[in-house]
Amino acid sequence: MTSGLTERDRAKADRQAALLHEAARLFAERGFSGVSLEDLGASVGVSGPAVYRHFANKQALLSAILVGVSERLLAGGQEVVARHDDPAEQLAALIAFHVDFALRDADVIRVQDRDLASLSDEDRGRVRRLQREYVELWIRVLTRVHPERGESDLRVRAHACFGLINSTPHSMRGARQSAGDRTVRPILESMARAALAT
């Protein structure tokens, strides 16, 4: 059984993925305004104008990065919750999922922190809506784990937990992924659990 993709389709998809990866890396290093299409093209071995075959402009690349990651976070969080019936297990799995995201997509977190305002109003609104839905997913699970606590209490805890985990890309700049996974992952997961339970 074949995927239905031609060799050319696969090559185009691979080039598009490479452009997104390199754009996130370069935007994280230099900021959105500090990167040109020529820089992006050169990073994947094509000319600047060739980037237009994949994205309409640099802002479309930024949108694909930030809207895309927000969509993946929400869909991934929903899948994690659906795999477990016990709310404590759901929460532990959500924490592990978010830590994995922070360690894997550190560049994207830095881009989000610095360049969200560079998105169009429409795309910025989409990112904010997806993020709110992701927070609400956590709140629903936390409400089942801690039914004695009010929603505002749980909301503060959820946001504090995200802040704790999402600060990692800034503190681990330059660290190797494997080292981060080995040493930082268990620390982050235990601190997140403590912050949500204390």
Quiz item: Among E122, E79, which is farther than 21 Å from F27 by Cβ, at pLDDT 95 or above and assigned to a helix (DSSP H, G or I)?
Solution: E79
Quiz item: Would you say D105 is at pLDDT 95 or above, open to solvent by less than 30 Å² (accessible area, probe 1.4 Å) and closer than 22 Å to H21 by Cβ?
Solution: no
Quiz prompt | Every pair of residues 6+ apart whose Cβ atoms lie under 9 Å, when the first sits in segment 152-179 and is modelled with pLDDT of 65 or more while the second is open to solvent by 40 Å² or more (accessible area, probe 1.4 Å) and outside any helix (DSSP H, G or I) | solution = R157/R149; R157/T198
Self-check item: Identity of the residue in segment 34-71, in contact with an Asp or Glu (Cβ under 6 Å, 6 or more places away or on another chain) and not in a helix (DSSP H, G or I), that ends up surrounded by the most Cβ atoms within 10 Å (Cβ to Cβ)
Solution: V44
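The values are calculated or read from the model by the stated rules, or taken from the named source; none is laboratory data. Nothing here was measured: the structure is a model prediction, and the numbers come from that model. Cβ: placed from backbone, ideal geometry, glycine included. Neighbour counts: every protein chain shown. With ligands, DNA and RNA removed, areas are computed over all heavy atoms of the protein, side chains included. Shrake-Rupley method; radii C 1.70, N 1.55, O 1.52, S 1.80 Å.
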